[in-house]
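Just so it is clear, none of the values below were taken in a lab; they were calculated from the coordinates. Since we're looking at a predicted model, the values are computed, not measured. When we count neighbours, we look across all protein chains shown, and the Cβ atoms used for this are built from the backbone with ideal geometry, even at glycine.
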Amino acid sequence: MAELPASVVEAFVGHAKRTPERTCLLFEGDEWSYGRLLERAEGFAAALGRQGIVKGERVALFLGNSPDFLAAYLGTHLAGAVIVPVNTAYKRTELRHIFDDAGIRLCLTDGERRPELEGVRESLPELETVVEVGEGMDKFLAEAGPYKRVLPQGDDLANIAYTSGTTGRSKGAMLLHRNLVANVAAVCEAWRWEQRDRLLLTLPLFHTHGLTVGAHGTFFTGASAELHRRFDADAVYNVLLVGETTMFFGVPTMYTRLLREARSRDERPGPLRLYVAGSAPLSPAAFAEFEELFGERILERYGMTETGMNLTNPYDGERRPGTVGGPFSGQEARVAGVKSREVLEPEEVGEIEVRGAHVFAGYWRRPDATEESLGADGWFRTGDLGSVSDDGYYTITGRAKELIISGGYNVYPREVEEVLESCPGVAEVAVVGLPDEEYGEKVAAAVVRDDPGLEAGKVMDFCRDDLAGYKRPREVVFVDELPRNALGKVQKHLVREGLVEGEVN
Ligand code: MLC
Ligand code: AMP
C-alpha cells in the first residue's frame, strides 16, 4: 500500500490543491468544490486561531448536517484543535456532561440547537464562544486574519467521540489522526471506493458511521457526496431513481423504511455499486427482501466509535446475511472467552476483540475505563458477543455490555434509570431493550411506583427535558417489585422476559 497521509485533512488538502474544481459536496442544490470547501475550512481555522484556540483544545460541533459542519470539522483539524461531535438530539443533562468533561471552549451550533445549549451555558464556565451557522459563522470568519497552513501529525489527537458508558455517563473515545487514516484507508480499499464515486450521505455527521466512514471516505479518495440534512425515505428513493449515486450507507432502520417505500411504488432504482448497512444488526429477512426488490445484496459491516470499522462482508465474494464478514486488511479480530479470556474455537460464542492501527488511544480522562477495555497487547474488548465460522465469517450474537441499540443510536439503560429515579411517584425502575420492528430495539421501563396514581404517560414524558428523544421509554409497565438475585442486583434478563410476556415479578 502507498504511504498514507498523516491525517484525513491532509488527503483532503491534497485533492483540493490538485483538483480544486472537482465536486466534493452537493447540498440542497448548491455545489461545493474541493477548492471552495478548503477555503471555508481554512477560514474557520484562521478564526479559531484569532480566538486563541490552540493545538489540542476542544471544539464542539453541535449542529445538523451541512457543508459548514464539514468545513468546521476540517478547519478545526487545520488549526490543530480537537473535534467533539455532539448528537443533535442531546438535551441539557447530556450537553452539560460532555461540554464539562471535554472542557469545550468553542462550539459551532445552529438555530435549532442553540436554545438547548444556552439553557446550560451558565454551568459551563469554560465555554467562551458559541458560533451559530449562517450570519454568525460568516461574521466569525470575516473577523479572522490570514491562515498559515500547518497540517496535523499522525500522533495528534483528532476527535473525542462520546459513547455510552457503563456508569450512565458517556465516555470520550480519543481518536488520533493516524487511527482515523488507517481505518478509512482499509475501508476504501475493501469497498473499492474511488474518486468517481458519489455517496448519498443521509446519516448524521456527528457519529462514526456518517463522519469517519461517509465523510472521511469521500475526502480520502477525492470523491463526492450528496449530503442531506436527515434521512427521509421518500427523498432518498427519489435520488436513487435519478441514478447518479454509486453508494448508499445506512443503519438497518433506514433499509426497513426504504423497503416500505419500495413496496408502495412501481418504479425501482437501477443498479447501485454498493449498499452498506451497519451500526446495528440487519435482519436476514430485510437482506432478502432488499435483494428481491432492489436486486442488490447489501454489504453488512460492523464497527464502533472506539475503532471505526472492524469487520466487513466482502466486496467480491459471498455477502452472507446475518453475518458481518471478517477483518479489514491490516486489522485483526478474535473471539475470547468472557471469563477465561482465552481465544475460542470457531463457532464458540465469546467476546469479540480487535487489534490494529485503527484502534483508539483510550478514553479521555478515564484511565480506569481504558485499562478495562484496552489491553497492553493492543487487543480491544468490544463488549459485543459473537462467534466466527470455520471460513472466517463473524456473527454478532449479543452484547456483554448492557446496551440498547435503537435505530442505530446507543442507549445505556443506567442513564435513563438515573433520570427516571427522580420522577415523583417512581420508587424503583429497571430499563431494558425490547424487540421493535421499526428501530430493531426499543427502550422499555419496568417501574415500581409509590404513588398509585402515577401514569405510564407521565413516566415516558419525564425524560423529555433531560435526555435525547430516542432514549425516552416507549413502553412503561408497572410492577410490584423488581426481580433481584441473592445479592440484591436487579436481574435484567428476567425484567426483559417479563415485559415480553406482559408481566414482571
Ligand atoms: C428518532 N427517534 C427515535 C430514533 N430516531 N426513536 C428511537 N430510536 C431512534 N433511533 C424519535 C425521535 O426522538 C422523535 O420522537 C421521533 O422519532 C421523530 O424524530 P425524527 O428525527 O424524525 O426521527 P426518524 O426519522 O424516525 O429517525 C430515524 C433514523 C435516525 C433512523 C433516521 O434514528 C437516524 O438517523 N439514525 C442513525 C443513527 C446513526 O447514525 N448511528 C451510527 C452510530 S455509529 P419524539 O417523541 O422524541 O419526538 C456506530 C458505529 C457503527 O454505531 O458501526 O457504525
Ligand atoms: P457506537 O458505540 O455508537 O459506536 O456503537 C457501536 C456498537 O454498535 C457496537 O459495539 C455493536 O454493538 C453495534 N453494531 C455496529 N455494527 C453492527 C452490526 N453490523 N451488527 C450488530 N451490531 C452492530
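Worth a mention:
- Taking segment 389-505 as the region of interest, the helices (runs of 4 or more DSSP H) fully inside it that hold 2 or more residues being within 30 Å of residue 346 (Cα to Cα) and away from ligand 2 (no atom under 16 Å from the Cβ) are 492-501.
- Given (1) over 29 Å from residue 257 (Cβ atoms); (2) in contact with a strand residue (DSSP E or B) (Cβ under 6 Å, 6 or more places away or on another chain), number of the condition residue 395 does not satisfy: (1)
- Condition check for residue 104: surrounded by 20 or more Cβ atoms within 10 Å (Cβ to Cβ), under 23 Å from the mean Cα position of the chain (by Cα) and assigned to a loop (DSSP other than H, G, I, E, B): yes
- One residue from 306, 291, 296 being in contact with a Phe, Trp or Tyr (Cβ under 7 Å, 6 or more places away or on another chain), more than 13 Å from ligand 1 (Cβ to nearest atom) and either more than 29 Å from residue 171 (Cα to Cα) or not aliphatic (A, V, I, L, M) (or both): 296
- Among residues of segment 338-365 that are under 14 Å from residue 393 (Cα atoms), those with a Cβ under 7 angstrom from a residue that is in a loop (DSSP other than H, G, I, E, B) and not basic (Lys, Arg), sequence gap 6+ or separate chain, pair up as 346/389; 346/390; 347/389.
- Members of segment 236-280 that are closer than 23 Å to residue 437 by Cβ, in a loop (DSSP other than H, G, I, E, B) and more than 10 Å from ligand 1 (Cβ to nearest atom): 264, 265
- If only residues of segment 195-224 that are closer than 26 Å to residue 439 by Cα and more than 16 Å from ligand 2 (Cβ to nearest atom) are counted, the one that is surrounded by the most Cβ atoms within 10 Å (Cβ to Cβ) is 201.
- Taking the criterion of being assigned to a loop (DSSP other than H, G, I, E, B) and away from ligand 1 (no atom under 16 Å from the Cβ), the residues of segment 358-388 that qualify are 361, 362, 364, 365, 366, 375, 376, 377, 378, 379.
- Of everything listed in (1) crowded, with 21+ Cβ neighbours inside 10 Å; (2) not in a loop (DSSP other than H, G, I, E, B), the single unmet condition for residue 53 is (2).
- Some residue of segment 155-178 being of a type outside the set (D, E, K, R) and part of a helix (DSSP H, G or I): yes
- Here residue 461 fulfils each of the conditions (1) surrounded by fewer than 22 Cβ atoms within 10 Å (Cβ to Cβ); (2) closer than 27 Å to residue 96 by Cα; (3) in contact with a helix residue (DSSP H, G or I) (Cβ under 7 Å, 6 or more places away or on another chain) apart from (3).
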